[in-house]
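K.L.:
Right, I'll just put the structure down here and ask away after.
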Amino acid sequence: MPKTENARFPANRRVVSLVYDGLCTFEFGITVEIFGLARPEAGPDWYQFKSVSLEDQVLNACGGLTVAATGTETDLHQAGTIIVPGWRGPDEPVPDQICNALVRAHEGGARIVSICGGAYVLAAAGLLNGRRATTHWRFAEGLVQRYPAIKIDANCLYIDEGDILTSAGSSAGIDLCLHIVRSDFGAELANTVARRLVMYSHRQGGQSQFIERPVPLRREADRLSSILDHILTDLHHPHTVSSLARHAGMSERTFQRRFRSLTGLPPLKWILRERLEQARIMLETGSAVPDDIARVTGLGSAENLRLQFGRHYGVSPMIYRNRFAQRPQIGQALPKQTGQSSSNIDFLVD
């Protein structure tokens, strides 16, 4: 979540997705689905979407598709947001024309977004030097070796540094695009878009939960799944490793090992993550005071809520509520915001 206050770019609704020969169709499809479809519920101020090629106008995409760009390089330089879908390969050089165009657009005030291996394009353009960024966990080591000036965090689903945003694997691109909608239009409209996609408006956790690991035995997975339901149904209860292990019929050591294998996190960190997620939802959707939120979610006190929320999300609960629970009336233009860009947003479990 935001580490510091950040200037956003809601005044410019133009979104451009870069297309190229060998285009990754799924990642490009994400950008079309979220930014390119009409959203009547958003009114007249929804995004204006175009695709732009800096290579040939007719391109061969993955899956045997042919893609023709709808916009021009002029559209790219007029855009408020430019998205680079996953690049055609980590060993494929990025043409200077693409690098130079992205640098010029960034210098002109556009925020630049990469999905999955699209981080290679931003890296080749020098846009990630000295910054935190993420990409698919399988690409992270190679990206670090090739571009040591980048601070790669391979655990995050996405990282938002205000004017540069990067996502992990392909589906994390959906998380990042929904985050952009949330930042520009507010939580309610982002949740509406997510419901139309039939997915969560925000996934907690990082890539560690998706990295290859042995699949737990079905019987133990079923037992642990019931434990997860038990915890979520009774978040306010002071759960301990000992009590949960007894409930699962395992020793504490076995329980912790199997729990981490299933979820990617130790039990108490997973519980804290779910408590914070519930607190986040309550802050977005209601007016409950911090003491009540802390009690319902099992965080105990408003002081602990503030401590944990600040530690994991970088802002206080009330700043988060003011930012994401309040939104302009749908159909009305957002006021132009000014100020220096300074945000580092990441959804990461320490």
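The values are calculated or read from the model by the stated rules, or taken from the named source; none is laboratory data. Nothing here was measured: the structure is a model prediction, and the numbers come from that model. Methodologically, a virtual Cβ is constructed for each residue, glycine included, from the backbone with ideal geometry; neighbour enumeration extends over all protein chains shown. Just so you know, the surface numbers come from the protein's heavy atoms only, side chains and all, with ligands and any DNA or RNA stripped out. Shrake-Rupley method; radii C 1.70, N 1.55, O 1.52, S 1.80 Å.
K.L.:
How many residues are open to solvent by less than 10 Å² (accessible area, probe 1.4 Å) and of a type in the set (Ser, Thr, Tyr) when one looks only at the range 55-85?
P.N.:
1
K.L.:
A further question follows. Tell me whether the range 145-153 contains one or more residues that are modelled with pLDDT under 95, out of contact with any Leu (no Cβ under 9 Å at 6 or more places or on another chain) and surrounded by 18 or more Cβ atoms within 10 Å (Cβ to Cβ).
P.N.:
no
K.L.:
Okay, next question. For the range 231-261, which residues satisfy the criterion of being free of Cβ contacts under 8 Å to residues at least 24 places away in the same chain, part of a helix (DSSP H, G or I) and open to solvent by 60 Å² or more (accessible area, probe 1.4 Å)?
P.N.:
The answer is THR233, ARG246, HIS247, GLU252, ARG253, GLN256, ARG257, ARG260.
K.L.:
When the range 37-54 is examined, which residues are found to be of a type in the set (Gly, Ala, Ser) and buried (at least 19 other Cβ atoms within 10 Å of the Cβ)?
P.N.:
SER51, SER53
K.L.:
Among the residues of the range 302-313, which ones are open to solvent by less than 70 Å² (accessible area, probe 1.4 Å) and under 14 Å from LEU272 (Cα atoms)?
P.N.:
The answer is ASN304, LEU305, GLN308, PHE309, GLY310, HIS312, TYR313.
K.L.:
Another one. For HIS106, only one of the following conditions fails: (1) in a strand (DSSP E or B); (2) surrounded by fewer than 19 Cβ atoms within 10 Å (Cβ to Cβ); (3) at pLDDT 95 or above. What is its number?
P.N.:
The single condition HIS106 does not satisfy is (1).
K.L.:
I'd like the residue in the range 278-289 that is open to solvent by 30 Å² or more (accessible area, probe 1.4 Å) and not in a loop (DSSP other than H, G, I, E, B) and, out of all such residues, is nearest to SER243 (Cα to Cα).
P.N.:
Going through the qualifying residues, I end up with GLN278.
K.L.:
What number of residues in the range 86-103 are within 17 Å of ASP163 (Cα to Cα) and either under 25 Å from the mean Cα position of the chain (by Cα) or surrounded by 15 or more Cβ atoms within 10 Å (Cβ to Cβ) (or both)?
P.N.:
Qualifying residue count for the region: 4.
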